[in-house]
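The values are calculated or read from the model by the stated rules, or taken from the named source; none is laboratory data. This is a predicted model, so every value here is computed, not measured. Note that each Cβ is placed from the backbone with ideal geometry, even for glycine, and that neighbours are counted across all protein chains shown.
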Amino acid sequence: MGLFDFIQKKKGQDAEGALPQEIYDASSLDLKDVIAPSAIGVTPRQINVSGRLARSFFVVAYPRYLSEGWLEPILNLEKVFDVSIFVHPMDTNDVLKSFRKKVAEVQSQMSTREEKGFVRDPQLEAAYQNLEALRDKLQQAEERLFDVGLYITIYGMNEEELDKTESDVRSILDSRLIYLKPALFQQEEGFRSSIPIGNDELSVNSKFNSEPLSSFFPFTSFDLTADTGILYGINRHNSSLVLFDRFSLENYNSVTFATSGSGKSYAAKLEILRSLMFGTEVIVIDPEHEYEYLAEATGGRFFNISLSSPHHINPFDLPELLADETPEEVLRSHIINLVGLFRLMLSGLTPDEDAIIDRAITETYALKDITQHSDFSGMEPPLLSDLEMILSGMEGSESLVQRLSKYTRGTWEGFMNRPTNVDINEHFIVFSLRDMEEELKTIAMYMITHHIWSAVRRTLKKRLLVIDEAWWMMKSEDTASFLFGIAKRGRKYYLGLATITQDVNDFLNSPYGVPMLTNSSIQLLMKQSPTTIDSLQKAFNLTDEEKFLLLESGVGEGIFFAGLKHVAIKIIASYTEDQIITSDPSQLLQIKKAREELNATQ
């Protein structure tokens with residue numbers, strides 16, 4: 001006999017001085033003694049369990065109809081509580097006997113009213129029909145009857161916290177016409193009925209047949225586990241796996257918002273690594289040289305774009321014609337995009353300069369026999385210096401030629417005045433912009449994205465385009481507009497666009513920021529700073545609990561939205577994955593040292 005059982009046995013005995021000695025002599029502890037609280041204080045309305053308050057309730061009334069999942073809002077509250085459901089089967093023969101009596105009573109009431117000439121009572125007739133229908137199902141063994149008790153015990157550090165939780169629970173249940181009562185003077189029994197020992201000590205039960213009883217079962221929770229897709233992380237609500245396939249949603253786009261050092265690039269690289277295993281081609285625009293080792297480890301290609309880089313992209317490259325397109329449509333669309341690029345390069349254009357540039361680009365293509373009525377497939381495109389030559393012969397273009405000269409003959413000559421020598425026909429491609437001058441990064445991202453879009457349109461494949469630090473492109477209306485166009489049209493070409501940013505305000509304040517969100521079926525919010533959390537709360541309609549969760553999240557933690565569902569997520573990688581994708585400087589130094597030692601021994 002354990003100590004817990006011994007004390008229970010001695011309760012109520014009046015043996016002053018004997019009990020402590022006998023407890024000491026028993027000197028044996030079992031599991032119940034170990035897990036039992038150190039002290040319990042019981043009051044009529046609540047119970048104090050080792051300094052933590054608990055308050056128990058039972059449900060006393062239900063509506064006539066219970067919808068499926070009515071208990072879900074309670075189960076998914078961000079509160080600490082216990083829910084116990086006791087189901088006691090009733091003997092069908094006894095139930096049928098009482099039903100016969102009840103049916104006879106209702107029939108008698110209806111007959112009496114009819115004899116007295118009273119107006120028919122629809123409520124009484126409905127009760128009779130329901131009783132008959134249920135009796136038929138019970139007799140045919142289609143249904144069974146049960147006594148059901150639903151008990152809820154909430155917890156808090158103080159009475160204010162308990163009252164707040166009680167108010168939240170009551171408001172949810174009251175809206176569904178389900179009414180709670182506190183277990184007054186029965187808090188100890190209510191507490192024991194709620195803990196997982198299977199004892200119904202309150203015995204406050206309501207009768208239910210099988211069909212409405214099925215709505216009680218708590219098989220609903222925050223869950224994003226699908227049959228296909230990749231592992232994004234662990235569900236912090238219930239420790240289930242967050243498995244999802246972005247290509248199964250209405251669009252394949254995603255946005256990630258997080259502060260620096262919160263794990264946003266780590267999460268992106270983990271998704272890339274796992275997507276590659278399922279045959280998805282991935283292209284990354286990397287502003288900080290973070291994806292080089294990942295490209296090397298997976299057999300991809302890494303292009304470092306800078307003024308001194310050997311890798312070049314010619315902005316005048318034309319996309320290949322698709323079967324349903326005409327040269328006129330493709331050339332016109334490309335010229336419009338080029339005008340937007342020159343608006344960035346030349347720090348804005350006046351209306352006159354815009355018209356001059358538009359005409360000059362058309363004449364530059366005509367110089368190479370590329371017109372709206374020619375098949376330009378396989379033709380050599382012009383260069384930026386060709387545009388400069390055309391502009392120099394046009395009236396009113398002096399300022400344009402002067403501003404363009406730094407890209408053709410000045411310090412920025414090596415940037416784009418070269419034929420394209422970048423081949424992105426690989427399963428994994430990374431464009432790094434770390435060594436590019438700050439004022440040219442937005443221009444470079446626009447050019448690279450345009451080049452990628454041309455390649456995407458050429459062949460239909462499952463692809464993922466990742467743009468890290470996307471706020472660079474949201475700073476300009478032309479680049480933001482082009483990025484939004486990819487987000488809208490990408491699904492047609494089996495392309496998912498993943499934008500990642502730490503500058504939330506720059507992203508959301510852009511006229512294309514909110515439309516980008518609405519065109520992204522997946523959103524990942526990680527640790528946020530107090531200066532941006534209010535903007536995010538408004539944009540994503542977050543509760544106060546979710547807001548504080550983002551403020552207090554650790555590295556790799558956040559909220560994962562997919563379609564209409566969202567869960568709190570923890571990004572977790574295996575050891576091998578972590579070694580490939582880590583951005584932690586201390587880990588990178590250790591990996592570098594280990595690789596140098598390995599090379600030295602070979």
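Take D324 and tell me if it is over 44 Å from the mean Cα position of the chain (by Cα) and either part of a loop (DSSP other than H, G, I, E, B) or not assigned by TED's automatic domain parsing to the domain that holds L483 (or both). It is false that D324 is over 44 Å from the mean Cα position of the chain (by Cα) and either part of a loop (DSSP other than H, G, I, E, B) or not assigned by TED's automatic domain parsing to the domain that holds L483 (or both).
Could you give me the residue pairs with C-beta distances under 9 Å whose first residue belongs to the range 105-125 and is free of Cβ contacts under 8 Å to residues at least 24 places away in the same chain, whose second residue is among the charged types (D, E, K, R) and in a helix (DSSP H, G or I) wherever it lies, and which are 6+ apart or on separate chains? Sorted first by the residue in the range 105-125, then by its partner, the pairs are M110/E125; V119/R113; R120/R113; R120/E114; D121/R113; L124/R113. Of the helices (runs of 4 or more DSSP H) that lie entirely inside the range 400-501, those containing 3 or more residues that are under 27 Å from the mean Cα position of the chain (by Cα) span 438-458, 471-474, 477-489.
Tell me which residues, restricted to the range 531-589, are among the small types (G, A, S), more than 24 Å from S239 (Cα to Cα) and part of a loop (DSSP other than H, G, I, E, B).
Step one: of the range 531-589, the residues among the small types (G, A, S) are 535, 539, 553-554, 556, 558, 562-563, 568, 573-574, 583, 586.
Narrowing the set further to residues that are more than 24 Å from S239 (Cα to Cα) leaves 535, 539, 583, 586.
Passing the criteria: only S583.
Here's the yes/no breakdown for (1) assigned by TED's automatic domain parsing to the domain that holds S347; (2) aromatic (F, W, Y); (3) surrounded by fewer than 16 Cβ atoms within 10 Å (Cβ to Cβ); (4) in contact with a strand residue (DSSP E or B) (Cβ under 9 Å, 6 or more places away or on another chain):
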| position | (1), (2), (3), (4) |
| --- | --- |
| G396 | yes, no, yes, no |
| Y407 | yes, yes, no, no |
| E437 | no, no, yes, no |
| R463 | no, no, no, yes |
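Could you tell me whether L180 is of a type outside the set (D, E, K, R), at pLDDT 90 or above and closer than 30 Å to E546 by Cβ?
Numbers: of a type outside the set (D, E, K, R): yes; at pLDDT 90 or above: yes; closer than 30 Å to E546 by Cβ: yes.
For L180, the condition - of a type outside the set (D, E, K, R), at pLDDT 90 or above and closer than 30 Å to E546 by Cβ - is met.
Give the number of residues within the range 112-159 that are of a type in the set (S, T, Y) and either modelled with pLDDT under 80 or part of a loop (DSSP other than H, G, I, E, B) (or both). Can you show your working first?
Of all residues in the range 112-159, those of a type in the set (S, T, Y) come to 112, 128, 151, 153, 155.
Narrowing the set further to residues that are either modelled with pLDDT under 80 or part of a loop (DSSP other than H, G, I, E, B) (or both) leaves 128.
Number of matching residues: 1.
For the range 256-277, the condition of being within 18 Å of F561 (Cα to Cα), of a type in the set (S, T, N, Q), modelled with pLDDT of 90 or more and within 13 Å of the chain's Cα centre (by Cα) holds for at least one residue.
Rundown of residues vs (1) of a type outside the set (S, T, N, Q); (2) surrounded by 19 or more Cβ atoms within 10 Å (Cβ to Cβ); (3) on the phi < 0 side of the Ramachandran plot, yes/no style:
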| residue | (1), (2), (3) |
| --- | --- |
| A295 | yes, yes, yes |
| F302 | yes, yes, yes |
| L322 | yes, no, yes |
| V330 | yes, yes, yes |
| S333 | no, no, yes |
| I336 | yes, no, yes |
| T350 | no, no, yes |
| A355 | yes, no, yes |
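Kindly indicate the residue of the range 550-565 that is buried (at least 18 other Cβ atoms within 10 Å of the Cβ), touching a residue at least 40 places away in the same chain (Cβ under 8 Å) and not small (G, A, S) and also nearest to L497 (Cα to Cα) among those meeting that condition. The selected residue is F560. For the structure I just gave you, tell me whether T364 is at pLDDT 90 or above and either part of a helix (DSSP H, G or I) or surrounded by 14 or more Cβ atoms within 10 Å (Cβ to Cβ) (or both). So T364 fits the description; yes.
Just one of the listed residues (I452, I467) is assigned by TED's automatic domain parsing to the domain that holds R274, out of contact with any Asp or Glu (no Cβ under 8 Å at 6 or more places or on another chain), farther than 17 Å from H312 by Cβ and at pLDDT 85 or above, namely I467.
Residues in the range 472-512 that are more than 22 Å from I336 (Cα to Cα), of a type outside the set (S, T, N, Q) and modelled with pLDDT under 85: D503, V504, D506, F507, L508.
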